[in-house]
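Report on one structure; see the data block that follows.
The values are calculated or read from the model by the stated rules, or taken from the named source; none is laboratory data. The structure displayed is predicted, hence computed values, not measured ones. Every residue, glycine among them, receives a Cβ derived from its backbone with ideal geometry; neighbour counts consider all protein chains shown. Each accessible area value is taken on the protein alone, full model and side chains, heavy atoms only, with ligands, DNA and RNA left out. Shrake-Rupley method; radii C 1.70, N 1.55, O 1.52, S 1.80 Å.
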Amino acid sequence: MSKTVLVTGASSGFGLATAKEFAAKGYKVIAAARRKDRLQLLQTEFPQQIFVLPLDVTSETQIDQMLGALPEDFTQVDILINNAGLALGLSPAHEAELEDWHQMVDTNIKGLYLMTRKLLPQMVERQSGHIINIGSIAGNYAYPGGNAYGATKAFVKQFSRNLRADLLGTNVRVTNIEPGLAETEFSLVRFHGDKDKADKVYQNTQALTAEDIANAVLWAAQQPAHVNINSIELMPTSQAWAALAIDKVQG
Ligand code: NDP
Ligand code: 8X3
């Protein structure tokens, strides 16, 4: 029997590529996101394998309703891919929009732990399952303007590790995928729809693609049951760390 994977944020970028990758490999895929029309388009590619789950991960009520209404052959979720997330703004902390911070925390933190908490009990009961979180290099390294976004991804990192601690002995696996620069709709969202600004992020360099991330997710999921990939940090070859910044007094 084929395994079932639930991917949040399956309407775009990493989530869309991951949903396609798993469906192409024969998995059943529950594709969750807010934009139902995009999910329906994805479903036309794999009509038998994809179940469309219109869902805002920040809403516990919606999660309960939608998960409670899954058809019989999709109720057992073997792999949860917590991918839905976003960065909003790149302003320094003292100028950032509080509303952006609220939305990042609600989506990247609350949405991720809600989905996890709702689906973990069935995995523990079956003594089998895998939670794959999409963190970020922003959770590992600070950068100007990363403020609340990076902090939400640091949550994802430590939550993933703490889940591993709690789940020891249950056979449920946990992986945190930590990508660097990748070209998706991420920057368009970050800059509130400013396409010129978003395009500039990827100009004259070769960023990771959504498919690169989907490959890493699939690889982690397909390791033998006794192997837990704790984390994968991946960057484009065109990206590396810079020196620490020092404020020098002029004169
Ligand atoms: P995209 O903007 O292309 O995709 C984001 C996805 O998240 C969309 O499918 C969107 O769907 C979904 N989403 C956002 N808010 C919600 C919500 N409240 N409820 C349900 N779904 C939601 O960006 P990426 O594919 O790049 O981002 C995916 C993940 O990867 C994010 O967690 C991001 O932080 C992370 N990441 C991205 C990197 C990059 O450089 N691109 C690097 C490292 C990590 P919809 O709007 O339809 O709800
Ligand atoms: C996305 C990568 O460096 O833009 O998480 O924050 S970065």
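Of F155, F22, the residue with the largest accessible area leads and the full order is F155, F22 (1.4 Å probe).
Taking 7 Å steps out from each Cα toward its Cβ at D73 and Q223 produces label points 3.2 nm apart.
The average projected area of the stretch 49-97, computed from the convex hull of its Cα atoms over all directions, is 5.2 nm².
Using the Cβ of A23 as centre and a radius below 13 Å, the other residues enclosed give a net charge of +2, where K and R count +1 and D and E count -1.
Return the inverse of the average 1/r over all pairs of distinct C-alpha atoms in the chain, which is the Kirkwood hydrodynamic radius, in Å to one decimal. So the Kirkwood estimate lands at 18.7 Å. In the complete set of protein chains, residue-level accessible area for T44 is approximately 100 Å², probe 1.4 angstrom. Cross-link pairs exceeding 23 Å in C-alpha to C-alpha distance, out of K118/K153; K153/K248; K20/K110; K197/K248; K25/K110, comprise K153/K248; K20/K110; K197/K248; K25/K110. Take every Cα pair under 8 Å whose residues are at least 6 apart in sequence, average their separation, divide by the length of the stretch 1-124, and the relative contact order is 26 percent. Each other residue within a Cβ distance under 12 Å of E185 adds +1 if Lys or Arg and -1 if Asp or Glu, for a net charge of +2.
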